[in-house]
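Below is one structure, written out as structure tokens; the observations come after it.
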Amino acid sequence: MDYYCSAKFKELQVHVQSRLLYNCCKAYPERVDLDWLEANPGRLFHTDTMLQDRELMLDNKSCASCHHGCYKLEEQGLPSARRQYINDTKIPDPQAPLTTLQISLSTDCNLTCMYCSPEWSSSWHRDIEKNGEYLLNGTPVKQKNNWSTLWAMMTQKSRGVDSRFFKLLLREIKLATGLQNVTLLGGEPLLNNQLDQVLEMVHGKKITIITGLGISHGRLRKVLDMTKGLDVNFSISAETTGTLFELIRHGVTWGDFQQRVGMIEDNGNEIKFISTMSNLSVLGFPDFYDLYSSRHKIAINGLQEIPWMMPHVLDPRSKNEFIDRIQDKHNLPEFNNILHMINKTPEDKDRTNMGDYLKQFSSRRSINFDFLPAHFLKWCGL
Ligand code: SF4
Ligand code: SF4
């Protein structure tokens with residue numbers, strides 16, 4: 001196996017609230033040492049661990065931080081994130097400059113999307129705190145053990161985004177002269193009160209805001225006004241319509257979502273949708289595609305960490321109905337990709353776990369899932 005991956009040499013994801021550095025977003029994180037960073041300006045992307053990992057890759061050796069995100073999946077014959085970098089020019093320098101930075105300012109988010117977790121959304125965190133872990137087959141689901149432990153160790157004060165790390169991060173951005181692309185992600189970045197400071201610091205770069213649009217119309221208006229004169233585009237997370245959308249993206253109504261997309265369109269910003277393909281998304285994606293594909297790009301995002309919600313965890317009738325319904329779209333890359341994803345036999349434990357999960361997720365939010373196909377619900381044991 002060739003262990004090299006160019007993402008290691010150009011990309012960094014920073015979680016300000018938890019002070020975690022991911023090189024890249026799929027890699028196992030390290031927690032930043034603020035004293036060290038303060039004394040070593042310009043080295044946010046060149047910590048000792050990152051430099052060692054890059055040396056290992058250049059020697060064609062496995063580095064531990066990429067094991068979970070890519071190597072392990074590939075060993076199992078599964079697709080991995082690094083496939084998208086396979087044709088990149090090799091970067092031979094461990095000290096190569098950072099070109100692509102993703103920043104999660106905080107996990108504040110009003111939504112609890114079904115395949116999200118407390119690592120990313122404060123609403124998810126509150127759900128677990130209030131109601132306990134989800135139980136699948138009687139066993140608690142441990143969502144991101146490393147993160148949960150770190151979170152528990154942090155005091156409320158140190159979770160604030162007006163922290164020492166935030167100030168150091170602004171300094172590091174200023175020093176990163178090779179930086180070209182900056183992505184703001186959440187939680188919900190549009191909720192964040194420090195957004196204006198970051199936007200000011202990244203003026204002149206290509207800026208992408210990843211959002212679930214779980215904010216008020218007024219707040220969105222304010223942010224759109226803030227982005228005037230900047231090169232800002234929006235990546236909006238969504239994949240289905242109507243009631244199914246409101247289940248999967250719980251916390252925002254379908255009507256409000258459509259209006260907010262309209263506000264961004266009217267403001268003239270480029271929009272791309274990121275559609276995360278789960279088993280439930282497969283049921284409603286064709287409607288979403290028909291509604292928006294003529295106006296905007298739609299990128300399919302694979303789901304990796306929730307085995308019971310993987311696209312192939314569907315009953316045979318749902319799969320056949322999907323295949324029949326998209327007869328005229330089989331050759332489109334998006335649908336070809338989904339056909340590939342569903343073409344795998346689900347394990348029995350994932351089938352029953354899906355039923356367990358759907359039941360608990362819905363009852364904690366007092367929502368009804370009766371609108372889902374009866375054959376799918378029966379297959380899941382509901
Ligand atoms: S191998 Fe995977 S986890 Fe590691 S840097 Fe590349 S894409 Fe990221
Ligand atoms: S909008 Fe994003 S952060 Fe919030 S719950 Fe959904 S996926 Fe998670």
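Restricting attention to segment 77-114 and to residues that are hydroxyl-bearing (Ser, Thr, Tyr), buried (at least 18 other Cβ atoms within 10 Å of the Cβ) and over 24 Å from Val202 (Cβ atoms), the residue that is farthest from ligand 2 (Cβ to nearest atom) turns out to be Ser80. Tally up the residues in segment 10-24 that are assigned to a loop (DSSP other than H, G, I, E, B) and either among the aliphatic types (A, V, I, L, M) or near ligand 1 (Cβ under 10 Å from one of its atoms) (or both), please. Residues in segment 10-24 being assigned to a loop (DSSP other than H, G, I, E, B) and either among the aliphatic types (A, V, I, L, M) or near ligand 1 (Cβ under 10 Å from one of its atoms) (or both): 4 in total. Applying a threshold of 9 Å to beta carbon distances and a minimum spacing of six or more residues, or different chains, the list of pairs starting in segment 252-271 at a residue that is in contact (Cβ under 8 Å) with a residue 40 or more places away in the chain and under 14 Å from Ser235 (Cβ atoms) and ending at one that is in a helix (DSSP H, G or I) and aromatic (Phe, Trp, Tyr) reads Val261/Tyr292. Of the residues that make up segment 78-95, is at least one more than 10 Å from ligand 1 (Cβ to nearest atom), touching a residue at least 24 places away in the same chain (Cβ under 8 Å) and not in a loop (DSSP other than H, G, I, E, B)? No, there is no match, as no residue in segment 78-95 is more than 10 Å from ligand 1 (Cβ to nearest atom), touching a residue at least 24 places away in the same chain (Cβ under 8 Å) and not in a loop (DSSP other than H, G, I, E, B). Checking the conditions here, which among Ser62, Ser123 is buried (at least 19 other Cβ atoms within 10 Å of the Cβ) and of a type in the set (Ser, Thr, Tyr)? Answer to the check: Ser123.
Restricting attention to segment 251-275, the residues that are surrounded by 21 or more Cβ atoms within 10 Å (Cβ to Cβ) and in a strand (DSSP E or B) total 2. Taking the stated definitions as given, is Ile298 more than 16 Å from ligand 2 (Cβ to nearest atom), surrounded by 14 or more Cβ atoms within 10 Å (Cβ to Cβ) and more than 30 Å from His68 (Cβ to Cβ)? Criteria not met by Ile298. Just to verify a result, which residue in segment 198-221, among those that are in a helix (DSSP H, G or I) and surrounded by 15 or more Cβ atoms within 10 Å (Cβ to Cβ), is nearest to ligand 1 (Cβ to nearest atom)? Residue satisfying both the conditions and the ranking: Val198.
When Ala27, Ala7 are checked against the criterion of being of a type in the set (A, V, I, L, M, F, W, C), assigned to a helix (DSSP H, G or I) and crowded, with 19+ Cβ neighbours inside 10 Å, a single residue qualifies: Ala7.
Among the residues of segment 272-289, those identified as touching a helix residue (DSSP H, G or I) at 6+ places or on another chain (Cβ under 9 Å), touching a residue at least 60 places away in the same chain (Cβ under 8 Å) and within 16 Å of ligand 2 (Cβ to nearest atom) are Thr276, Met277, Ser278, Leu280. As for segment 48-64, it holds at least one residue that is in contact with a strand residue (DSSP E or B) (Cβ under 6 Å, 6 or more places away or on another chain), part of a helix (DSSP H, G or I) and away from ligand 2 (no atom under 16 Å from the Cβ). Within segment 305-321, identify whether any single residue is assigned to a strand (DSSP E or B), among the β-branched types (Val, Ile, Thr) and away from ligand 2 (no atom under 16 Å from the Cβ), and answer yes or no. Looking through segment 305-321, none of the residues is assigned to a strand (DSSP E or B), among the β-branched types (Val, Ile, Thr) and away from ligand 2 (no atom under 16 Å from the Cβ). The C-beta contact set for segment 109-133 (first residue free of Cβ contacts under 8 Å to residues at least 12 places away in the same chain, second residue assigned to a strand (DSSP E or B) and more than 6 Å from ligand 2 (Cβ to nearest atom), distance under 6 angstrom, 6+ apart or interchain) comprises Glu133/Pro140. Residues that are at pLDDT 95 or above and either of a type in the set (S, T, N, Q) or crowded, with 22+ Cβ neighbours inside 10 Å (or both) within segment 301-314 comprise Trp308, Met309, Met310, Pro311, Val313, Leu314, listed in sequence order. For Thr47, indicate whether it is surrounded by 15 or more Cβ atoms within 10 Å (Cβ to Cβ), away from ligand 1 (no atom under 13 Å from the Cβ) and of a type in the set (S, T, N, Q). Against the criterion (surrounded by 15 or more Cβ atoms within 10 Å (Cβ to Cβ), away from ligand 1 (no atom under 13 Å from the Cβ) and of a type in the set (S, T, N, Q)), Thr47 qualifies.
The values are calculated or read from the model by the stated rules, or taken from the named source; none is laboratory data. Predicted model, so just to flag it, every value in this text is computed and none were measured. Please note: Cβ atoms are built from the backbone with ideal geometry, for glycine as well, and neighbour counts cover all protein chains shown.
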